[in-house]
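Undergrad: This is the structure I want to talk about, given as structure tokens.
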């Protein structure tokens, strides 16, 4: 089983994300609206949600409660059952069972069927068996349901168990942007004064792009947003150009970030380049040879795809390799971008001006590069077509005409 690096903090923080991803899966299935993450003063972390609660029925083949099996067996969670979740995140497919195995202790509290169930683990093994400790709160004739997990990472595995608030804040903000309408609360109780941050974005990835472009000079006033579902692949994309010279494209599959891109990024880039080139050829007299880099200069973009059973290049899921994603993203991007260009002529004119400017700059840079790489001083002078630089190195065989 793989959780990440145990020295640099990535594995430590991944423990929180694995538990939060289970709550996000509940939200994607439509059963959860609020997730709370608390960094407690004693070094433990609590993750609570208002989903359905982990099942407590006795597992048919194991003969113990399902909650115990989920917490102690690999690949026992709901995402490995095709009927539980159509779409699920979770980074390495091992989830809470690994969090449990790498914790000094873990307390699990479940609100389900009107009762509060509690089970305690120590170093991955059951310490106190599942038992009922009370009744769930009741509101409007319905009982509260949900799951609450509190764990303390083991110092035998991790060199440092001090959580970085900024790292957690960044990931939770990301999840709130990617999952419209979910309320994620982050509390830090370790200092004398409690720090509380609330993430809820009804604008989804549109707001994410605006957040990324804060303080920058934007070219198209509002981000271009489109979403579509085709062949079981849901595509969401938001993009906006700024006057900077670098592209900033973030790719996600089922809420997991791919820093190396993959088939969704390739599909988007193909659709964007084709739509921009088609528009320039049709509506301008520019003879520039536009490249994909020109079209993407200064672009800020967030691409989010959701699909069942995505395929990645490695266990860390840094690159999406599902071949069925590229044609879907490319066709959707081409269609929606061309539609936006027709409906917003004044906005696209500003974008096209920037693209042509980027193309001119690239061409000028290429010419300058060629000039500086020439070997002799004479080659720098622009000679008429019928004249050529002297190729002979021996001065006895050369003549100089002064006119």
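The values are calculated or read from the model by the stated rules, or taken from the named source; none is laboratory data. Given the structure is predicted, the values throughout are model-derived calculations rather than measurements. Cβ sites come from the backbone with ideal geometry, for glycine too, and all protein chains shown count toward neighbours.
Undergrad: Restricting to the range 140-155, give me the number of residues that are part of a loop (DSSP other than H, G, I, E, B) and without any contact (Cβ under 8 Å) to a residue 12 or more places away in the chain.
TA: Here the count works out to 2.
Undergrad: Could you figure out which of (1) part of a helix (DSSP H, G or I); (2) within 28 Å of residue 37 (Cα to Cα); (3) touching a helix residue (DSSP H, G or I) at 6+ places or on another chain (Cβ under 6 Å) isn't true of residue 251?
TA: Checking residue 251 against (1) part of a helix (DSSP H, G or I); (2) within 28 Å of residue 37 (Cα to Cα); (3) touching a helix residue (DSSP H, G or I) at 6+ places or on another chain (Cβ under 6 Å), the one that fails is (1).
Undergrad: If I go through the range 355-397 residue by residue, how many of them are part of a loop (DSSP other than H, G, I, E, B) and either modelled with pLDDT of 80 or more or under 30 Å from residue 278 (Cα atoms) (or both)?
TA: The qualifying residues number 1.
Undergrad: Against the condition surrounded by fewer than 17 Cβ atoms within 10 Å (Cβ to Cβ), more than 19 Å from residue 161 (Cβ to Cβ) and modelled with pLDDT under 90, how does residue 86 come out, does it pass?
TA: Considered against the rule, which asks whether it is surrounded by fewer than 17 Cβ atoms within 10 Å (Cβ to Cβ), more than 19 Å from residue 161 (Cβ to Cβ) and modelled with pLDDT under 90, residue 86 comes out as yes.
Undergrad: Going by what's in this entry, would residue 228 be described as modelled with pLDDT under 95 and touching a helix residue (DSSP H, G or I) at 6+ places or on another chain (Cβ under 7 Å)?
TA: yes
Undergrad: A follow-up question, please. Could you list, in sequence order, all residues of the range 264-299 that are outside any helix (DSSP H, G or I) and either under 29 Å from the mean Cα position of the chain (by Cα) or crowded, with 22+ Cβ neighbours inside 10 Å (or both)?
TA: The answer is 290, 291, 297, 298, 299.
Undergrad: Please work out which one of (1) within 20 Å of the chain's Cα centre (by Cα); (2) in contact (Cβ under 8 Å) with a residue 24 or more places away in the chain; (3) more than 13 Å from residue 235 (Cβ to Cβ); (4) part of a loop (DSSP other than H, G, I, E, B) is the condition residue 322 fails and give its number.
TA: With respect to (1) within 20 Å of the chain's Cα centre (by Cα); (2) in contact (Cβ under 8 Å) with a residue 24 or more places away in the chain; (3) more than 13 Å from residue 235 (Cβ to Cβ); (4) part of a loop (DSSP other than H, G, I, E, B), residue 322 is out only on (3).
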